[in-house]
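Quick notes on the structure that follows.
The values are calculated or read from the model by the stated rules, or taken from the named source; none is laboratory data. Owing to the predicted nature of the structure, the values given are computational and were not obtained by experimental measurement. Ideal geometry is used to build each Cβ from the backbone, glycine not excepted, and the neighbour counts take in all protein chains shown. Heads up: the accessible areas ignore ligands, DNA and RNA and are worked out on the full protein's heavy atoms, side chains in. Shrake-Rupley method; radii C 1.70, N 1.55, O 1.52, S 1.80 Å.
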Amino acid sequence: QVQLVESGGGLVQAGGSLRLSCAASGSIFGFNVMGWYRQAPGKQRELVATITGGGSTNYADSVKGRFTISRDNDKNTVSLQLNSLKPEDTAVYYCNVHLALVNRIYWGQGTQVTVSS
């Protein structure tokens, strides 16, 4: 079992920055991918960024060049640096981890990011 706890959300003006962090407890083993997703009101949850244990990253086109994902494998943490924020980035941001060996996905409880214009 894996538990994920996010932190770092909040209210920021357009053009500002935030840093989200996610701490995973439990057994993170084998090939795994950690990532951030977001869900805005009335919309489906969408991919923001993912990162493998080896550091390979993938970003949604809408955040490329503005957001940076990183992870610390020793501490089982994943972070998301959000720069040049736009009102359309407003959403609940969720951390997740996919354990490939057992094909299980775990989610955090989410953290609210609100960007005012």
Pop out the Kirkwood hydrodynamic radius of the chain from its pairwise C-alpha distances, inverse of mean 1/r, in Å to one decimal.
14.2
Roughly how many Å² is the accessible area per residue of the chain, as a whole number, for a 1.4 Å probe?
52
Which part of the range 18-36 falls in the paramagnetic zone of Lys64, meaning amide N under 11 Å from the point 7 Å along Cα-to-beta-carbon?
none
What percentage of the solvent-accessible surface of the range 8-99, computed with a 1.4 Å probe over protein heavy atoms, is contributed by carbon and sulfur atoms?
48
Can you list the aspartates and glutamates whose alpha carbon is less than 16 Å from that of Lys64, not counting same-chain residues fewer than 8 positions off?
Glu46, Glu88, Asp89
Where the only charges are on Cβ atoms (+1 Lys, Arg; -1 Asp, Glu), what is the dipole of the range 38-88 about its Cα centre, to the nearest 20 debye?
140
